[in-house]
Amino acid sequence: MEYGLIGATLKHSYSKLIHEQLYPCDYQLTELPTEAEAREFMGKRPFKAINVTIPYKQPVIPYCAVLDEKAKAIGAVNTVVNVNGVLHGYNTDFDGFAFLAAAHGVEFSGRKVLILGTGGTSKTVTAVAKAAGAAEVLYASRTPGEERISYEDALACGAQVVVNTSPAGMYPNNDTLALDVARMPGLEAVLDAVYNPFSTRLVQAGRAAGAKAAGGLEMLVAQAVYAAALFTGTQPQTDRIAPLAKAIFAEKANISLVGMPSCGKTTIGKQLAKAFGKTFVDLDAEIVKTAGKPIPDIFAESGEAGFRDLEQQVTARFAKEGGQVLSTGGGAVLRSENVAALRQNGPVVFIDRPLELLRTGGGRPLSTDRAALAAMEKKRRPLYEAAADIRIPNNTDVFRRAAKAAEEALHAYFGT
């Protein structure tokens, strides 16, 4: 191959998409599940240039006859260029992480920094933090040792900045919370090198705690821009980092619709899916498909708790994927786990239809009459408002007007 990426698992990678937009190339994703396979690949060196990801940023070093200063200092390589059979190793993650931190106003000077994980990316983050004047850098690991504290001790370490460099929370294990940062007093910022999902549970917890927080998409794009410059012998196109990150987010993100039963989620959702080139998914329909029976029968046999358990399972399964418009059931917001799942990969949109225009019945066990519907709306409205990034009024029977308003709001949200 000419250009590509090697790593143990690459099904979640956006690198091919990024590099093929930056310059004309056939960029290949090469999964090497074992270190033995990675070493065999590096020994054969069948490439012009490659990127390297978890867990091979350190094992590739012995194959590089030439290392740039950043790679030497960090002890990790994420970019390898084959120059007439001689491998040159670089670390563009340094520039990528520095870009991410700067883009979100994260300050390291005089701060205590806690890094989760001890692999190659942790060394990169250490170098950036120290170069920016961090007062102290600590490391937390599931297997604490001489230079690594436990995750429980990390909660009381007094760090102002937390950076996750471990795979915790990465697709497909999206439900993992790397560290309960809400329990850390004085927290200022949380950064996560994981970029799939866009907002890991760690990033969401950081935001909920009032800290600056961001996932790793901009780091991924920035390091790719610097790597592409090394691949092609040109100057880094740094002005393309932010627009390309926004474009990838817009393409891969989900749009999740919440709101009362009969508010128009299905009709509006189908129109949004067509407008944004995404797949429409009705989560209530998927619950019926999973259970093999209609929703009233699920309620009759398992009660509301049983239905909510199944709803949570189905929501988690679809929300971890991307490029979809998800129409949720009216009660999905009753469980915070569902809201967290929906928020991990894109905006949540509240379709707000006035109570007097909502319908009763229609196979909805909890809204069989107007009184039940009114009580439900009163209980759920604060939850819809808290979950939503965007609110779209739908006070007309012509749902396409609400869909048009939602489309315009989402274009503004995505920056497209």
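Say whether the condition of being in contact with a strand residue (DSSP E or B) (Cβ under 8 Å, 6 or more places away or on another chain), of a type in the set (D, E, K, R) and at pLDDT 95 or above is met by at least one residue in region 382-389. Checked region 382-389: at least one residue is in contact with a strand residue (DSSP E or B) (Cβ under 8 Å, 6 or more places away or on another chain), of a type in the set (D, E, K, R) and at pLDDT 95 or above. Among the residues of region 133-146, not a single one is in contact with a helix residue (DSSP H, G or I) (Cβ under 6 Å, 6 or more places away or on another chain), surrounded by 14 or more Cβ atoms within 10 Å (Cβ to Cβ), modelled with pLDDT under 95 and not in a strand (DSSP E or B).
Residue-by-condition table, conditions (1) in contact (Cβ under 8 Å) with a residue 24 or more places away in the chain; (2) open to solvent by 20 Å² or more (accessible area, probe 1.4 Å); (3) farther than 15 Å from Thr79 by Cβ; (4) hydrophobic (A, V, I, L, M, F, W, C):
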{"residue": "Gly4", "(1), (2), (3), (4)": "yes, no, no, no"}
{"residue": "Gly7", "(1), (2), (3), (4)": "yes, no, no, no"}
{"residue": "His12", "(1), (2), (3), (4)": "yes, yes, yes, no"}
{"residue": "Lys16", "(1), (2), (3), (4)": "no, yes, yes, no"}
{"residue": "Tyr23", "(1), (2), (3), (4)": "yes, yes, no, no"}
{"residue": "Gln28", "(1), (2), (3), (4)": "yes, yes, yes, no"}
{"residue": "Glu31", "(1), (2), (3), (4)": "yes, yes, yes, no"}
{"residue": "Ala36", "(1), (2), (3), (4)": "no, yes, yes, yes"}
{"residue": "Gly43", "(1), (2), (3), (4)": "no, yes, yes, no"}
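What tally of residues in region 160-175 results from selecting those that are over 23 Å from Phe108 (Cα atoms) and buried (at least 24 other Cβ atoms within 10 Å of the Cβ)? Here the count works out to 1. The criterion of being part of a loop (DSSP other than H, G, I, E, B) and either among the acidic types (Asp, Glu) or without any contact (Cβ under 8 Å) to a residue 12 or more places away in the chain (or both) does not hold for Pro62. Report yes if Ala65 is among the small types (Gly, Ala, Ser), over 17 Å from Leu220 (Cα atoms), open to solvent by 70 Å² or more (accessible area, probe 1.4 Å) and within 30 Å of the chain's Cα centre (by Cα), otherwise no. Considered against the rule, which asks whether it is among the small types (Gly, Ala, Ser), over 17 Å from Leu220 (Cα atoms), open to solvent by 70 Å² or more (accessible area, probe 1.4 Å) and within 30 Å of the chain's Cα centre (by Cα), Ala65 comes out as no.
In the set (1) of a type outside the set (S, T, N, Q); (2) part of a helix (DSSP H, G or I); (3) touching a helix residue (DSSP H, G or I) at 6+ places or on another chain (Cβ under 9 Å), Val77 fails one condition alone, (2). Taking region 207-285 and the helices (runs of 4 or more DSSP H) fully enclosed by it, the elements with 2 or more residues that are under 22 Å from Ala332 (Cα atoms), of a type outside the set (Val, Ile, Thr) and open to solvent by 50 Å² or more (accessible area, probe 1.4 Å) are at 265-276. Summed over region 1-30, the residues that are among the hydrophobic types (A, V, I, L, M, F, W, C) and part of a helix (DSSP H, G or I) give a count of 3. Taking first residues from region 155-169 that are closer than 24 Å to Pro55 by Cα and partners that are open to solvent by 10 Å² or more (accessible area, probe 1.4 Å) and of a type in the set (Lys, Arg), the Cβ contacts under 8 Å between residues at least 6 apart in sequence or on separate chains come to Gly169/Arg201. Of the strands (runs of 3 or more DSSP E) entirely within region 321-409, those holding at least 1 residues that are without any contact (Cβ under 8 Å) to a residue 60 or more places away in the chain and loosely packed, with under 15 Cβ neighbours inside 10 Å occupy 390-393.
Of all the residues that make up region 31-49, how many are part of a loop (DSSP other than H, G, I, E, B) and of a type outside the set (D, E, K, R)? The number of residues fulfilling the criteria is 5. Looking only at region 305-318, decide whether some residue is assigned to a helix (DSSP H, G or I), surrounded by 16 or more Cβ atoms within 10 Å (Cβ to Cβ), basic (Lys, Arg) and modelled with pLDDT of 95 or more. Yes; the residues of region 305-318 include at least one that is assigned to a helix (DSSP H, G or I), surrounded by 16 or more Cβ atoms within 10 Å (Cβ to Cβ), basic (Lys, Arg) and modelled with pLDDT of 95 or more. Number of residues in region 176-194 that are farther than 18 Å from Thr118 by Cα, open to solvent by 10 Å² or more (accessible area, probe 1.4 Å) and either touching a residue at least 60 places away in the same chain (Cβ under 8 Å) or outside any loop (DSSP other than H, G, I, E, B) (or both): the value is 3.
The values are calculated or read from the model by the stated rules, or taken from the named source; none is laboratory data. Just so it is clear, the structure is predicted and the values come from calculations on it, not from any experiment. Glycine also receives a Cβ, built like all others from the backbone with ideal geometry; neighbour counts cover every protein chain displayed. Heavy atoms of the whole protein, side chains included, go into the accessibility calculation; ligands, DNA and RNA do not. Shrake-Rupley method; radii C 1.70, N 1.55, O 1.52, S 1.80 Å.
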